[in-house]
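Asker: Here it is, the structure, as C-alpha cells.
Coordinate-derived values only; no laboratory data. Since the model is a prediction, treat every value here as computed from it, not as a measurement. Counting neighbours? That spans all protein chains shown, and the Cβs are built from the backbone with ideal geometry, glycine included.
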Amino acid sequence: MSRRLGFGASCLVVFAGAAMAQIGGGPAWNTANGDAQRTSWVRADPSISVAAVPSGFKFLWKVKLNNDARQDYALSQAVDFPRYVSYRGFRSYAFFGGASNNTVAIDSDLGRIEWAHHFNLPNPPVGTATCPGGMTAGVSRPTPLTDNPLGTVAPGRGATVARAAVGEPREGAVQVKQMLAAGAASGRGPRPPAAFGSGNLFALSSDGMLHLEYVSNGEESQDPIRFLPPNVNASGLIFNETDVYAATKGNCGGVPNGIWAIDLLSDAKKVYNWKTNGGSVTGTAFGTDGTVYATTGDGDYSPASFSDSVVTLDRKMLAMKDYFTPAKSEFTTSPVVFSHNGKYLVAAANKDGHIYLLDSASLGGADHRTPLAQSTVVGNIGTGDLATWEAGGTRWILAPVAGAPNSATRFTGMNGSVTNGAIAAFKVVDAGGKPSLQAAWVSRDLLMPQTPTIVNGVVFAVSGGDAQHPAVLYALDGATGKDIWNSGSTMTSYTRTGISGGATQLYVGTHDSTVYAFGFPLVK
C-alpha cells in the first residue's frame, strides 16, 4: 500500500507540474475568470466549435449542493481540474466555494459529489447587499502568470521543469526546499517548481483564514494561515508561484478596502496590504511579470485616495507604481490584460459607459488621465466583467451591459431590440498607429448578463435572470453574435456568477446552490 501511495504522489507531482507548464492558462480554469489576466477565455477545446455546438451541445447533469446563499451570492465559479491523476486513477474535477463556508469537489465526468468540506465557524453577522458575509472569495488553484496558451514563457521568464520526489507525510512539496536551498541568480529570488501547490485547492473562509486542501479528498494539507481579518467581502482569490492575493471591498467588518498578499514560501508568512483610502476594489488582474492591476470604485476624494482608478502595484510589496483616472466616476469591472502588437494592454469598464484601453507601461500618460482609447458610450457595464479573446489576428473584447442602452440604433440586438441588457462586442483595431475600440455586434436581449466565456470562437453568455426569471445559457457565434444554441428552461433559479469551464464542459451555479453542467456527452 505504501508503494502505491508513493507512486501516486510521484505521478501527481510530475503530471500536475507538466500540466501547469504546458497549458499556461489554456484548458484548465484555475481562478476567477479563468486565468491570471482574467480573460475568461478557454483557448483550446477538442469538441466545442461554432459548427459543432448546434448539433451536439446539451445539458449533461445537475447537482444540488448543501449550501445556503448569502444575499445574492451562493456559489463561486467552478475551478476546473480536468486531468488529475493519483493512485486511484484519473479524475476530472470541478471545485466550488459556497457562501456558507463550504468547499465541494464534483466528479465532472460522472456528475456526482466526490467530497464536501464545511468550515465549522461561528455564524457571520447578518449580511447586506454590500457585505453579504460568509465565504465570498471562492476557491482557486495555482495559476500560471503566462498568458501563452501553449505554455511557452514570456520574455524574461525562465522555463520550469517538473521533477518527481516524495517526502515525508504532510511535509509538502520537497522540491520547494530544494529550490530554496539552491537559490536563484535573478533578482526576483528563487522560483519554485511548477508542481508547487498543484495538489492543493486554496480557500478563504469567512474568518479570514487561508486553507490549503488536498484536491483528492478535501483534507487540509497544513494548518490554516491567518490572511485577512474576519467578515470581509473578499474577491479574486488567486495563487501564482509564491503569493496568494485577494481584494476587499465595502469596508466590510471595518476592514479598509484594498489588495492583500501573503508569501506562502516565507517562514514569517507576512501579509502585505495596499489600501485604496477610499473606494472598493472592483477587481484585480496580473501581468505576465506578476504586476498587479486593480480597478477601484467610488470613495473619499482626498489627495491620498485612489478611488475611481486603474492602478498598478508591485507584486511583492504592493507599492503603487502607476495609475489612471478619467474623472470622479467608478470602475465597474475588473481589469483584463492582453497582448496586442507587441505590447500588453489593459481594459476596464467605467460607470460613465466607456471601456478604457490603457498601455500597461504607462496607464494614463504623464497626466494619468490620457488613455490609449475609449469606446463609445455603451450603457451600464456592471453586472459582470469584461472578457477577451483573439481569433485570426483580431482581438475581441466583450462587455455585459445592463439596462436600456443609450442608443436604440446601436444596440439593436441580433434577435430584436434590447431592453434588459446584452453582450456588446468590440474589436481592437489600429487607427493612425494607435489601438482603438470598434463596435462589432450586440447579442440578443439578456436579463442581468454575467461575465461571458469564450471557447474556440463560441461565446457562452448567461442571462442571469432574477427571482421570477431563471437563468438561461446561450451560445453565440463570436464573429457575429448570432444565437446558435440555448439551454431553454433547464435551470430553475437565477445566478450572479459568471460561467466557467474546460475540457468540453461549461458550469453554471445558481442561487439555490445547484450546479448545472453543459457540454458534449462522453464517448463510451
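Asker: Can you list the residues, at least 5 places off or on another chain, whose amide H is less than 5 Å from the amide H of residue 133, using H built in the peptide plane?
Answerer: Result for residue 133 returns 128.
Asker: Related question: Tabulate in residue order the Karplus-calculated ³J(HN,Hα) for region 135-144, using 6.51 cos²θ - 1.76 cosθ + 1.60 with θ = phi - 60°, rounded to whole Hz; enter x for Gly and Pro.
Answerer: Those phi angles translate into 8, 9, 8, x, 10, 8, 10, x, 10, x Hz.
Asker: Next question, about the same structure. Could you tell me which of rounded, prolate or oblate describes region 235-353, using a ≥ b ≥ c as the square roots of the eigenvalues of the alpha-carbon gyration tensor, with rounded for a/c under 1.5 and, failing that, prolate when a/b is larger than b/c and oblate otherwise?
Answerer: The shape class here is oblate.
Asker: Residue-wise, which Karplus ³J(HN,Hα) couplings in Hz belong to region 69-78, taking 6.51 cos²θ - 1.76 cosθ + 1.60, θ = phi - 60°, and x for glycine or proline?
Answerer: So the Karplus estimates, Gly and Pro as x, are 5, 10, 6, 7, 9, 10, 10, 6, 4, 5 Hz.
Asker: Oh, and also: Residue separation times 0.36 nm, minus the C-alpha to C-alpha distance between residue 469 and residue 298: what's the value?
Answerer: Here the segment from residue 469 to residue 298 would lengthen by 58.5 nm.
Asker: Working out 0.36 nm times the residue gap between residue 52 and residue 266, then minus their Cα-Cα distance, what length gain in nm do you get to one decimal?
Answerer: 72.2 nm
Asker: Mind giving me the nanometre distance, one decimal, between the label points for residue 68 and residue 223, set 7 Å out from Cα along Cα→Cβ?
Answerer: Computed distance between label sites residue 68 and residue 223 equals 3.0 nm.
Asker: Taking a point 7 angstrom from the Cα of residue 369 along the C-beta vector, which residues in region 329-356 have backbone N less than 19 Å away?
Answerer: Answer for region 329-356: 329-331, 350-356.
Asker: Between residue 377 and residue 129, what FRET efficiency comes out of the Förster formula 1/(1 + (r/R0)^6) with R0 = 35 Å and r the beta carbon distance, rounded to 0.05?
Answerer: Approximately 0.85, to the nearest 0.05.
Asker: If you don't mind, another one. Which entries in the list 275/328; 58/427; 270/328; 343/427 go over 26 Å, if you measure between the two C-alpha atoms of each?
Answerer: 58/427; 270/328
Asker: Further question: With label points built 7 Å along Cα→Cβ from the Cα atoms of residue 110 and residue 343, find their separation and express it in nm.
Answerer: In this crude spin-label approximation the distance works out to 5.2 nm.
Asker: Ok, one more. Can you list the residues, at least 5 places off or on another chain, whose amide H is less than 5 Å from the amide H of residue 441, using H built in the peptide plane?
Answerer: For residue 441, whose amide H was placed from the backbone, the distant partners under 5 Å are 425.
Asker: Hey, can you rank 423-429, 199-205 by average C-beta count inside 10 Å, highest first?
Answerer: 199-205, 423-429
Asker: What ranking do 113-124, 231-242, 61-72 get when scored by the average of other Cβ atoms within 10 Å per residue, highest first?
Answerer: Taking the mean over residues of other Cβ atoms within 10 Å, the ranking is 231-242, 61-72, 113-124.
Asker: Within the set of other residues whose C-beta is less than 13 Å from the C-beta of residue 499, count the net charge using Lys and Arg as +1 and Asp and Glu as -1.
Answerer: Cβ neighbours under 13 Å give a net charge of -1.
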